[in-house]
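**Student:** Take this structure, written in structure tokens, and hold onto it; I'll ask about it next.
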Amino acid sequence: MIGLLPALDIILTGKQLRAKKAKKLGIVDACVPKSILLKVAEQFIEKGKRSKKKASAKEVIMSGTGLGRKLIFDQAGKKTAKKTRGNYPATEAILDVIRSGLEKGMQEGLAYEAERFAELVMTDESKALRSIFFATTEMKKENGAGAEPNKVSHVSVLGGGLMGAGIAHVSVAKAKVPVKIKDVSNDGALNALQYNYKLFEKQRKRRILSKAQVQSQMLQLSAGTDFSQFKSTDLVIEAVFEDLPLKQKMVEDVENNAKEATIFATNTSSLPIGQIASQAKRAEQVIGLHYFSPVEKMPLAEVIPHEGTSEQTIATVVDFARQQGKTPIVVKDKAGFYVNRILAPYMNESAHLLLSGEPIESIDNALLDFGFPVGPITLLDEVGVDIGSKIMPILVEELGERFKGPDVFDILLKDGRKGRKSGKGFYTYKGKKKSVDSSVYKTLNLSPEERLSKSDIAMRCVLPMLNEAVRCLDEGIIRSPRDGDIGAIFGIGFPPFLGGPFRYMDKVGLAELIETMNTFSEKYGERFAPCDGLLTRAELDQTFYS
């Protein structure tokens, strides 16, 4: 319908199109108000044959000859392989089928498509991806508690930093509720408003929103340094620094300035919720609501009730997180919760690899090939070295010495390396371009040299994560392997085509996994030894999914 070049772009990426874009491309004939939709449809039927979109000169030249088509398919293949790194077999099949259809005609092309589809639908990748779809569909029917949620009509956000501004954005843009942002300074409040305006303005430039819609959205946001409007708020979401006394003070301030029914949700990434609620007058209305950065893009939210949180509070917060466009999972109140707890050993191992002399790009590329969207060193730069330095000691204190990683944070911070936010970390950043900052090797007193295979590097990072995921399941941190898989995929980008850590362990086989862990334990240290939960399941010949 629209020619080879634009068609491949849509088919290979699975892009969703807005109506105006679809009309411009020639996929739809018209965009009209719903009130006259049927009438216009009838007019098109009366006209008979639809008009074919006129191909551009570039399209005619490129796809009208055998050489042009070959060039298009070669370029599409290279671009796709760079993105998928060979992990998604459907993309190669798509190119193969379309090429075949162009050469042999529509009927043979359709027959070949059916044949390739039948092959693909039986693959492990298809099974894993379908499991994610069915899991998220199932989760939409759950609210994590045995109560009906209360309606949230107004939200207040404490903290105008990146997290607070992002939380405000999804509350206005997705949940469609007015938001008050409170910061300690006018500059912080103003920055939060500017952050939101830039996001809305970006949508206006892409013609997703009109100028009037941007103004309407911004009118739903207010910001300041006082507690005005808190008497009308149903939910306060706190996004201040990871400091226990500060967060306890926030609970006290909200209880003194908001109505009695107001829920207090803390966006802590590691501090136990029970400690934050320990001095609260209405502890049953205190809960954790952990978002991931950047909030407007990351799809997961962890909902963390402490022992005294009411069922009503849990249900209300789960429901509201879903309205914000998030996939919420309810997790137990213990340091690190689920996502950061399984991420910590993964990040620690990448630091061990770096300090053993493996080059930064080798570590990142090995995990990209495994299927993660970004490598662990890049991720540390994105999250911020300073954030990592605050979280790790909390995990060590609460969960034990196995969370103690190499002591690199202080060295990096003394050298001004906070990551992307400071312009340098392990990489240097210029606009959208980044490159390894080779001076970091001197800072850490290292001489980089490739020693290990990509497979060994990837497994060294992934195995401790799998071990910790099993511990989380056995301790009740997550309610099911399904929640653990969704949390890992949506929270830290665990490869979707593997279905999540638990489906991946089932696929590999627990006996084989334990054998690999024991081998790595002998070579690299006790931290790779399989946990009791894995050993017990293997002895009983059990799997995580029956």
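**Student:** Across segment 391-434, what is the total count of residues that are of a type in the set (Asp, Glu), open to solvent by less than 70 Å² (accessible area, probe 1.4 Å) and either at pLDDT 90 or above or closer than 30 Å to Cys472 by Cα (or both)?
**Tutor:** Going through segment 391-434 one residue at a time, the tally reaches 0.
**Student:** Right, next: Looking at Gln324, Gln285, Gln275, which one is out of contact with any Ser or Thr (no Cβ under 8 Å at 6 or more places or on another chain) and under 26 Å from Ala147 (Cα atoms)?
**Tutor:** Selected residue: Gln275, the only one of Gln324, Gln285, Gln275 that is out of contact with any Ser or Thr (no Cβ under 8 Å at 6 or more places or on another chain) and under 26 Å from Ala147 (Cα atoms).
**Student:** Let me confirm something: among Val462, Val440, which residue is over 25 Å from Glu125 (Cβ atoms), in a helix (DSSP H, G or I) and hydrophobic (A, V, I, L, M, F, W, C)?
**Tutor:** Checking each option against the conditions leaves just Val440.
**Student:** Related question: Only residues that are in contact (Cβ under 8 Å) with a residue 40 or more places away in the chain, hydrophobic (A, V, I, L, M, F, W, C) and closer than 15 Å to Thr378 by Cα: list them for segment 404-456, please.
**Tutor:** Once the filter is applied, which keeps residues that are in contact (Cβ under 8 Å) with a residue 40 or more places away in the chain, hydrophobic (A, V, I, L, M, F, W, C) and closer than 15 Å to Thr378 by Cα, segment 404-456 yields Phe426, Val436, Val440.
**Student:** Now, a different point. All but one of (1) buried (at least 16 other Cβ atoms within 10 Å of the Cβ); (2) farther than 30 Å from Cys531 by Cα; (3) in contact with a strand residue (DSSP E or B) (Cβ under 6 Å, 6 or more places away or on another chain) hold for Phe490, so report the exception by its number.
**Tutor:** Phe490 satisfies all of (1) buried (at least 16 other Cβ atoms within 10 Å of the Cβ); (2) farther than 30 Å from Cys531 by Cα; (3) in contact with a strand residue (DSSP E or B) (Cβ under 6 Å, 6 or more places away or on another chain) except (2).
**Student:** Take the conditions open to solvent by less than 40 Å² (accessible area, probe 1.4 Å) and in contact with a helix residue (DSSP H, G or I) (Cβ under 7 Å, 6 or more places away or on another chain) and apply them to Lys247. Does it pass?
**Tutor:** Values: open to solvent by less than 40 Å² (accessible area, probe 1.4 Å): yes; in contact with a helix residue (DSSP H, G or I) (Cβ under 7 Å, 6 or more places away or on another chain): yes.
So Lys247 fits the description; yes.
**Student:** Looking at (1) open to solvent by 40 Å² or more (accessible area, probe 1.4 Å); (2) part of a helix (DSSP H, G or I); (3) more than 24 Å from Pro299 (Cβ to Cβ), which is the one condition that is false for Arg451?
**Tutor:** (2)
**Student:** For segment 272-289, give me the residue count where each residue is closer than 16 Å to Ile394 by Cα and surrounded by fewer than 20 Cβ atoms within 10 Å (Cβ to Cβ).
**Tutor:** First pass over segment 272-289, keeping only residues closer than 16 Å to Ile394 by Cα: 272-276.
When the remaining residues are screened for being surrounded by fewer than 20 Cβ atoms within 10 Å (Cβ to Cβ), the result is 274-275.
Summing the residues that are closer than 16 Å to Ile394 by Cα and surrounded by fewer than 20 Cβ atoms within 10 Å (Cβ to Cβ) in segment 272-289 gives 2.
**Student:** Could you list, in sequence order, the residues of segment 509-524 that are assigned to a helix (DSSP H, G or I) and open to solvent by less than 40 Å² (accessible area, probe 1.4 Å)?
**Tutor:** Quick first cut of segment 509-524, residues assigned to a helix (DSSP H, G or I) only: 510-524.
The answer is Leu510, Leu513, Ile514, Met517, Phe520, Ser521.
**Student:** Hey, another quick one. Being in a helix (DSSP H, G or I) and either open to solvent by 20 Å² or more (accessible area, probe 1.4 Å) or under 22 Å from Val396 (Cβ atoms) (or both) is the requirement here; does Tyr545 meet it?
**Tutor:** Considered against the rule, which asks whether it is in a helix (DSSP H, G or I) and either open to solvent by 20 Å² or more (accessible area, probe 1.4 Å) or under 22 Å from Val396 (Cβ atoms) (or both), Tyr545 comes out as no.
**Student:** Among the numbered criteria (1) out of contact with any helix residue (DSSP H, G or I) (no Cβ under 8 Å at 6 or more places or on another chain); (2) charged (D, E, K, R); (3) open to solvent by 40 Å² or more (accessible area, probe 1.4 Å), which single criterion is violated by Asp437?
**Tutor:** So the condition that Asp437 fails would be (3).
**Student:** Right, something else. If you check Ile477, Ile492, which single one turns out to be touching a residue at least 12 places away in the same chain (Cβ under 8 Å), closer than 22 Å to Asn143 by Cα and not basic (Lys, Arg)?
**Tutor:** Ile477
Conditions (1) exposed (fewer than 13 other Cβ atoms within 10 Å of the Cβ); (2) in contact with a Cys (Cβ under 7 Å, 6 or more places away or on another chain); (3) among the basic types (Lys, Arg); (4) at pLDDT 90 or above, marked per residue:
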site	(1), (2), (3), (4)
Ala22	no, no, no, yes
Ser35	yes, no, no, yes
Ile72	no, no, no, no
Thr80	no, no, no, yes
Leu95	no, no, no, yes
Ser100	no, no, no, yes
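**Student:** Within segment 490-503, is there a residue that is part of a helix (DSSP H, G or I), under 25 Å from Gly400 (Cα atoms) and in contact with a Gly (Cβ under 8 Å, 6 or more places away or on another chain)?
**Tutor:** yes
**Student:** Next up: Taking segment 238-275, which residues are within 21 Å of Glu307 (Cβ to Cβ), of a type in the set (Val, Ile, Thr) and under 26 Å from the mean Cα position of the chain (by Cα)?
**Tutor:** Passing the criteria: Ile263, Thr266, Thr268, Ile273.
**Student:** If I go through segment 129-161 residue by residue, how many of them are modelled with pLDDT under 95 and within 16 Å of Ala93 (Cβ to Cβ)?
**Tutor:** So the count comes out to 0.
**Student:** While we're looking at this one, here's another question. Say we look at segment 117-128 and pick out the residues that are open to solvent by 50 Å² or more (accessible area, probe 1.4 Å), without any contact (Cβ under 8 Å) to a residue 40 or more places away in the chain and part of a helix (DSSP H, G or I); which of these is farthest from Tyr88 (Cα to Cα)?
**Tutor:** The qualifying residue farthest from Tyr88 (Cα to Cα) is Ala118.
**Student:** Quick check on this structure: which one of Gly109, Gly164 is in contact (Cβ under 8 Å) with a residue 12 or more places away in the chain, in a helix (DSSP H, G or I), open to solvent by less than 20 Å² (accessible area, probe 1.4 Å) and more than 30 Å from Lys326 (Cβ to Cβ)?
**Tutor:** Going through Gly109, Gly164 in turn, the sole match is Gly109.
The values are calculated or read from the model by the stated rules, or taken from the named source; none is laboratory data. All figures in this text were calculated on a predicted structure; none of them were measured in a lab. Cβ sites come from the backbone with ideal geometry, for glycine too, and all protein chains shown count toward neighbours. Side chains included, ligands, DNA and RNA excluded: accessible areas come from the protein's heavy atoms. Shrake-Rupley method; radii C 1.70, N 1.55, O 1.52, S 1.80 Å.
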